[in-house]
């Protein structure tokens, strides 16, 4: 949840002072871009994977501190809920056998962590939302210890001025519940994909990432259940939007932007995003650093821009800009945050391969997709994909087939297309091209993009499997809702540990 800060309410500064510091940071960033102070081009990727903790029966356990003590590795950290932890994967060069190298590294690390977690009564589960999680688990008492979590919770509730209410109409079922904290958001566990880019390439990569978010979410959906209800195929986005909303009803009606935000336009520069952050969003955590970024820059140093980074960390874009400094050299990254965790390591890396290949190909196009796809349709794609998963129909430019008069078409050759058809016929070939451009070995390319293809051909991803297995338990065995969810979760955990991709999992 945002920048990892060690702070309490006593550290909060005057908002006007914080605004001045943010403007100084923006000016320094703009000067660094003008002076070309950023790291040289390099194909560098990194992953963060958020994980759930459950007991052997599949129910959540509030043991993150004990689990982390048992694992005893700095790669694993706390997350918002006591039933969550996160693992950070060191950056890798994007090329060669990178996906097989990552598969071995992540698999070894997670199996080790799972063994250590078992010593204190927990098991690690890679799933977008743990199906057995209930509203009774997502309470303030189960927030991870640490001032930053409590402070963020207090600030969001203070900004909102009233309790958080969840109201999610999933089509299959509806969930309505009042919450008193942001811990409901801890139900969401994500895969975060980082890509280091140069300032000149940033806008095209971010625009490409925004355009492909709908298709990647549809094929990677893995969160159909929340608090016992079957909702969206990928329920995390709508849960995140509601659980972290700082706006009361009146501000929503006025069109005030939410802090969980897809955005509203294609961009021309990374500065567009940071400037929007400062212009539109009041600070949740106005914590000031002693550094004067402009003086640091004038003295030949590299400013940390801590206020700008902290502010950026509390605005939850699905594709977030990242400014960071490594080895004394600043760089920029695009952080893709839309995907859920799991189901398996190979599924995770298939999702990564699809993203990195497709984002490269779309960013390299002579006639970019964002010049042909209205931004409001990219936004609609995001929500359609989250709601319907592999059964979604998404907007995409295909003038050769539909023109402007085909089924579901809009002017300019943009038509609504079944997502599995869109991926198989249009996007997978582009992803292959993109991985070739990254010089990924054909073995890795074919293996991991082949998993994406099979999900589309079989209409089976993590969300589809969970739903099918749950209904099998209810219809075939006659189990009530809670026992069926528990049995499905236990089976999910068994198959997850076996490690085969989810499209091969038997429902029974």
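Where a number appears in this text, it was derived from the coordinates with a stated rule and is not lab data. Only a predicted model underlies this, so the values are computations on that prediction, with no experimental measurement involved. Reconstructed Cβ throughout: ideal geometry from the backbone, glycine too, with neighbour counts over all protein chains shown.
Before moving on, here are some points about what is shown:
- Kirkwood hydrodynamic radius over Cα pairs of the chain, then Stokes diffusion coefficient at 4 °C and 1.567 mPa s, in µm²/s: 56
- Over region 252-363, the reciprocal of the mean inverse Cα-Cα separation, the Kirkwood hydrodynamic radius, stands at 16.5 Å.
- Subtracting the Cα-Cα distance of residue 141 and residue 104 from their residue separation scaled by 0.36 nm leaves 9.7 nm.
- Beta bridges per DSSP with both ends in the chain, % antiparallel, nearest 5: 95
- On full extension, the segment bounded by residue 481 and residue 290 gains 63.3 nm, given 0.36 nm per residue less the C-alpha separation.
- Highest mean packing comes first when the peptides 486-492, 56-62 are listed by Cβ atoms within 10 Å, giving 486-492, 56-62.
- Residue exposure sequence - 168, 302 - by fewest surrounding Cβ within 10 Å: 302, 168
- Centre separation in Å (Cα based) which lies between region 131-197 and region 223-253: 9
- Its DSSP H runs of at least 4 residues, each contributing -39,500 (n - 2.57), put the calculated 222 nm mean residue ellipticity of the chain at -14000 deg cm²/dmol, to the nearest 500.
- Euclidean distance of C-alpha centroids, region 433-491 and region 314-363, integer Å: 21
- Global size of region 304-451: 17.4, 55 Å for Rg and Dmax (C-alpha atoms, Rg to one decimal, Dmax whole).
- Out of every Cα-Cα pair that region 227-277 contains, those further apart than 13 angstrom amount to 69 percent.
- Ordered by the count of other Cβ atoms within 10 Å of each Cβ, fewest first, 496, 460 give 460, 496.
- Highest mean packing comes first when the peptides 45-55, 139-149 are listed by Cβ atoms within 10 Å, giving 45-55, 139-149.
- Interatomic Cα distance distribution for region 138-195, bins of 5 angstrom, percent: 4, 15, 21, 22, 17, 12, 7, 2
- Mean Cβ neighbour count within 10 Å, used as a protection proxy, ranking 97-106, 188-197 highest first: 188-197, 97-106
- Anisotropy class of region 174-262 from Cα gyration tensor, a/c 1.5 cut: oblate
- Shape metrics for region 182-336, restricted to C-alpha atoms - Rg then Dmax, Å: 17.3, 57
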